[in-house]
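Derivation of every value follows stated rules applied to the coordinates shown; laboratory data play no part. Computed from a predicted structure; not experimentally measured. All Cβ positions, even for glycine, are placed from backbone atoms using ideal geometry, and neighbour counts span all protein chains on display.
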Amino acid sequence: MSAAREETPLRRLARDFARSRVAVIGLAVLVLVMLAAVFAQVVAPQDPYDLAQLDIMDSLQPPGTAGGAGWTYWLGTDDQGRDLWSAIFFGLRTSLEVGILATLIALAVGVAVGMLAAYAGGAVDGAIMRLVDIQLSFPAILIALILLALLGKGVDKVIVALAAVQWAYYARTVRGSALVERRKEYVEAARCLALPHHRIMLRHLLPNCLPPLIVVATVQVAHAIALEATLSFLGVGVPVTEPSLGMLIASGYGFMLSGNYWVALFPGVALLVVIVAINLVGDRLRDVLNPRLSH
Amino acid sequence: MTQPLLRVENLQTHFATRAGTVKAVDGVSFDLRRGEILGLVGESGSGKSVTGQSILGLVDPPGRIAGGRVLFDGEDLVTAGEKRLRAIRGRRIAMIFQDPMMTLNPVLSVETQMVEAVLAHDKVGRAEARRRSRDALGRVGIASPEERLAAYPHQFSGGMRQRVAIAIALLHSPDLILADEPTTALDVTIQAQILFEVQTLCRDTGTALLWVTHDLAVVSALADRVAVMYAGRIVETGPIADVIQAPRHPYTRGLLDSVPSRNRRGVPLRSIPGMTPSVLDLPKGCAFQPRCGRADAACAVMPELPENGHAWRCWHPHDADARGAAA
Amino acid sequence: MIVFILRRLTQSAVVIAAMAVLVFTGIFAIGNPIDVLISPEADEVERAAAIARLGLDQPMHVQFARFVESAVGGDLGTSFVHGVPALGLVLQRFPATLELALAAMLLAVLLGIPLGLWAGLKPDSVAGRVIMTGSILGFSLPTFWVGMMLIMAFAVQLGWLPAGGRGQTASLFGVQWSFLTRDGLAHLILPAINLATFKLSLVIRLARAGTREVALQDYVKFARAKGLSPARVVGVHILKNIMIPVVTVLGLELGSVIAFSVVTESVFAWPGMGKLLIESILQLDRPVVVAYLLLTVLLFVVINLVVDLIYSMLDPRIRLGGGRA
């Protein structure tokens with residue numbers, strides 16, 4: 001590799017990433033969706049959870065119907081007369097919030113545990129990795145269901161359950177890369193200098209574990225969002241007062257058989273768009289950050 | 001003069017890569033008569049293996065035959081359809097590959113792999129196909145072939161596996177066997193045994209042999225004639241004794257000088273200076289000129305390879321007796 | 001071979017023991033066992049009686065011994081809602097789930113392997129790209145939403161297939177199966193497709209990756225050089241090699257298919273044990289939840305064991321590796 005070109009790693013990363021048009025589109029969509037979710041209050045024509053703004057006369061209107069308030073329900077309304085377009089913005093907010101928070105918590109726990117396993121080695125490592133193996137041999141949905149059966153309903157509980165499902169992936173990823181790094185000379189050197197353990201772990205090991213972590217975390221956000229939607233659909237997820245996309249779809253289930261397809265269809269499309277966008281970005285990041293894995 | 005069994009004419013095999021077209025085989029021509037053994041010698045990347053695979057149309061994409069003819073018994077295999085090629089593969093032209101660890105399918109028994117080869121060309125019963133397979137194993141010197149048939153490749157040693165591959169190649173008594181470095185991956189003693197056996201089997205059955213190798217020592221012990229390849233072209237060809245005794249092309253000479261057994265004790269081994277050129281970035285004219293001590297302006301034009309006898313593609317060949325004098 | 005089986009059996013026993021400890025800890029240490037094992041509708045007297053009967057006032061290790069004892073005896077408590085033994089209830093629903101899961105696996109394999117082979121043999125063709133895009137979509141689509149869309153399209157709009165339930169069943173080996181009747185089969189199609197979608201994508205990916213790797217091997221070229229037909233080269237030489245990873249992963253995924261059937265069963269009102277689990281969670285019928293959990297763990301362990309055995313049969317290198325040199 002030539003050192004002639006002056007380029008920060010970040011800029012090179014961005015350029016490599018941009019070489020895939022699909023990934024750039026995915027990223028653009030993702031940014032748009034995030035903005036829409038954050039500014040749901042501003043972007044949505046209606047606050048779907050302010051009962052004063054709802055008109056029960058407008059319930060279950062098909063897409064494109066002109067509403068009483070003088071604007072059009074482009075995606076139709078649900079049984080409460082809620083504008084679906086607005087409800088989707090608010091639903092996105094809950095979905096993203098749950099997915100991202102759960103991922104961050106799982107990331108913190110997983111990194112700490114994985115780092116400990118790699119650094120301590122021996123019996124500690126063996127015990128931790130055995131636990132990780134056992135957990136990963138069971139499907140995520142099963143673990144989440146059981147946890148929620150024990151914990152009960154609520155946004156916080158869903159986040160805890162999702163984090164509990166995910167931490168093992170990060171623990172394994174971090175341990176894997178940290179073990180490779182640990183054997184390298186610069187870590188030996190740091191140890192010889194008798195630097196404190198936490199300093200070696202945080203300043204020397206962690207940065208080198210970041211690329212695989214970022215890739216795993218991106219994909220896991222998508223998993224978390226999908227899993228949250230599924231749990232909410234099953235009735236063990238978020239409460240009705242804070243409906244996520246999954247909850248919106250679930251509420252559409254009852255109207256589906258009578259042909260009112262839109263209540264379930266559009267939130268589902270929104271969910272799909274978010275998940276696909278994240279997966280596209282994640283796939284590209286994997287290719288860019290780790291050329292060895294690209295094929 | 002009778003028609004040769006195999007005549008390769010101006011064969012071109014190209015690989016389309018992102019960095020450009022790689023001319024792995026760039027105008028190779030040679031003849032092979034019935035029962036004759038031709039050694040095709042070159043370094044890795046010289047195009048010798050691709051030449052062998054091109055003959056049977058076995059080059060995988062992105063490689064393709066871009067031009068030339070492969071006349072087998074007068075029939076052009078380059079333009080022949082896949083179905084026609086299939087009828088020839090294994091029956092009239094068989095192939096043996098370099099790595100015996102890789103040429104037998106690890107999850108199929110030897111019996112399955114031999115019987116299917118019989119049934120691919122002959123409408124016989126399973127029992128008959130099995131009997132022929134067993135006999136073929138016996139012929140290549142595998143003890144208790146009856147029991148070994150049921151075994152899987154990983155239960156054989158490397159040399160035994162290569163014997164199985166040779167047995168498969170001999171199943172239909174082909175007119176020609178293309179052997180792609182079949183002894184390179186083996187121990188020296190096993191290598192010698194297999195060389196001897198293949199030679200005997202070919203002489204007995206009148207099978208012609210194209211032996212692709214990087215090892216001039218092997219060829220000198222086995223072949224009737226030799227063709228030396230460099231960067232996709234044949235640079236020197238002729239009867240084995242002539243080429244070994246009096247190599248004319250500087251590259252052939254370099255190859256011979258780097259064979260340990262031919263150097264006198266105490267005299268340091270000579271090697272060819274420089275690296276095998278990148279096939280994407282060949283010099284104009286003679287591809288060997290960057291590594292050649294005799295190169296000059298004339299070498300910017302590719303010399304032609306005359307037909308027949310001992311021929312070389314060089315403007316400044318060594319003298320016929322030069323080598324003898326030096327040794 | 002016998003050594004191999006024995007070793008695997010020991011490993012399985014260890015996992016089951018570990019899971020028993022975990023489940024016990026989950027119920028008795030983290031959660032409140034009184035809530036878990038006694039109906040929320042019971043009054044004070046009933047509660048006191050039940051606490052004494054269940055030994056909840058005993059020290060932890062005694063409780064654990066009792067838990068193991070009754071679990072081994074098949075007694076996992078009585079369903080609050082149905083008033084019958086929880087284990088029996090779950091077992092009764094098991095065939096419906098098994099039928100659905102196997103149908104889904106069958107679909108995933110029968111479609112996924114040919115599609116993956118195709119995409120692997122011709123990665124740059126239009127069909128190859130379409131197959132891969134489809135598999136990415138299959139990974140991204142949430143199962144429950146796909147199920148709803150299937151109902152909407154094929155049951156509500158087109159009216160071709162029923163929207164839910166098992167339909168008419170027939171008895172085989174004393175168990176009711178849907179696939180034996182025409183009506184039952186019609187009811188099975190949509191849920192099976194739904195449950196298969198995710199695994200189908202997985203199989204396609206595995207088969208494609210395997211094919212791309214195997215197709216470059218010398219033994220494939222050697223097989224072609226023998227004059228074999230493309231059908232035999234692909235159908236025997238390549239297929240048998242890619243089957244090893246596919247079967248391994250699929251076997252391990254059978255457990256996850258059974259777990260994921262929770263979603264499909266809920267969408268299609270398929271009366272399997274997954275739907276029972278959700279109903280029990282929502283109705284706080286905890287003995288049933290515990291019974292489901294323990295049964296599933298057992299199932300997972302058995303499946304892993306069987307997969308290992310099949311794997312060793314497919315790959316001669318493993319089958320004979322221990323026996324001969």
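What to note about this one:
- For the protein assembly as shown: lysine pairs under 19 Å (alpha-carbon distance), excluding those fewer than 8 apart on one chain: 12
- Note on the protein assembly as shown: antiparallel DSSP beta bridges, both residues inside, total approximately 65 percent of the bridges counted.
- Volume in Å³ per residue [convex hull over Cα atoms, computed for region A:229-279]: 73
- B:THR103, B:THR184, C:THR296, C:THR248 arranged by Cβ crowding within 10 Å, fewest neighbours leading: B:THR184, C:THR248, C:THR296, B:THR103
- Shown in residue order for region C:135-144 are the 3J(HN,Hα) couplings computed by the Karplus curve 6.51 cos²θ - 1.76 cosθ + 1.60 at θ = phi - 60°: 6, 5, 4, x, 6, 8, 5, x, 4, 5 Hz (x for Gly and Pro).
- For region B:104-152 and region A:239-281, distance of Cα centres in Å: 60
- Of the peptides B:7-18, C:232-243, C:138-149, the order by per-residue mean of other Cβ atoms within 10 Å, starting with the highest, comes out as C:138-149, C:232-243, B:7-18.
- If you wrap the Cα atoms of chain C in a convex hull and average its projected area over all directions, you get 21.8 nm².
- Along region B:160-175 the Karplus relation, 6.51 cos²θ - 1.76 cosθ + 1.60 evaluated at θ = phi - 60°, assigns HN-Hα couplings of 5, 4, 5, 5, 4, 4, 5, 4, 5, 5, 8, 3, 9, 6, x, 6 Hz to successive residues, with x for each Gly and Pro.
- ³J(HN,Hα) computed for each position of region B:140-156 - Karplus, 6.51 cos²θ - 1.76 cosθ + 1.60, integer Hz, glycine/proline x: 8, x, 9, 6, 6, x, 4, 6, 5, 4, 6, 7, 9, x, 5, 8, 9
- For B:ILE96, the amide hydrogen comes within under 5 Å of the amide hydrogens of B:LEU178, B:ALA179, B:ASP180, counting only partners 5 or more places away or on other chains and with H modelled in the peptide plane.
- Cα-derived Rg to Rh of region A:169-295, Kirkwood definition: 1.21
- Range of Cα positions in region B:102-171 per principal axis (Å), largest first: 32, 22, 19
- Rounded to the nearest 20 debye, the dipole size of region B:102-171 about its Cα centre is 80 debye, using +1 on the Cβ of Lys and Arg and -1 on the Cβ of Asp and Glu.
- Kirkwood hydrodynamic radius computed over region A:98-218 comes to 15.1 Å, based on all pairs of distinct alpha carbons.
- Average beta carbon contacts from partner chains per residue of C:151-161, 10 Å cutoff: 2
- Amide H contacts of B:HIS214: B:GLY42, each under 5 Å away and 5 or more positions distant or on a separate chain (H built 1.01 Å from N in the peptide plane; Pro and chain starts excluded).
- Calculated on alpha-carbon atoms, Rg and Dmax of the protein assembly as shown in Å: 35.1, 117
- Shielding by partners - mean other protein chain Cβ count within 10 Å, residues of A:14-21: 0
- Under-5 Å amide H pairs with B:ALA66, H placed in peptide plane, nonlocal only: B:GLN12, B:THR13, B:HIS14
- Counting only other chain Cβ atoms within 10 Å of each residue's Cβ, the peptide B:105-115 averages 5.
- Size estimate for chain B follows the Kirkwood approach: the inverse of mean 1/r over distinct Cα pairs works out to 20.8 Å.
- Percent RCO, i.e. relative contact order, over chain C, from Cα pairs under 8 Å lying at least 6 residues apart: 25
- Against the rule of thumb 2.2 N^0.38 Å, how large the Cα Rg of region C:253-299 comes out: 1.08
- Normalised by residue count, region C:39-161 yields a Cα convex hull volume of 224 Å³ per residue.
- Region C:40-151, relative contact order in percent, only Cα pairs under 8 angstrom and at least six apart counted: 8
- Ranking of C:TYR292, A:TYR261 by count of other Cβ atoms within 10 Å, fewest first: A:TYR261, C:TYR292
- Cα-based helix-to-principal-axis angle, B:126-139 vs chain B, degrees rounded to 10: 50
- Given charges at beta-carbon only (K, R positive; D, E negative), |dipole| of the protein assembly as shown in Debye: 2980
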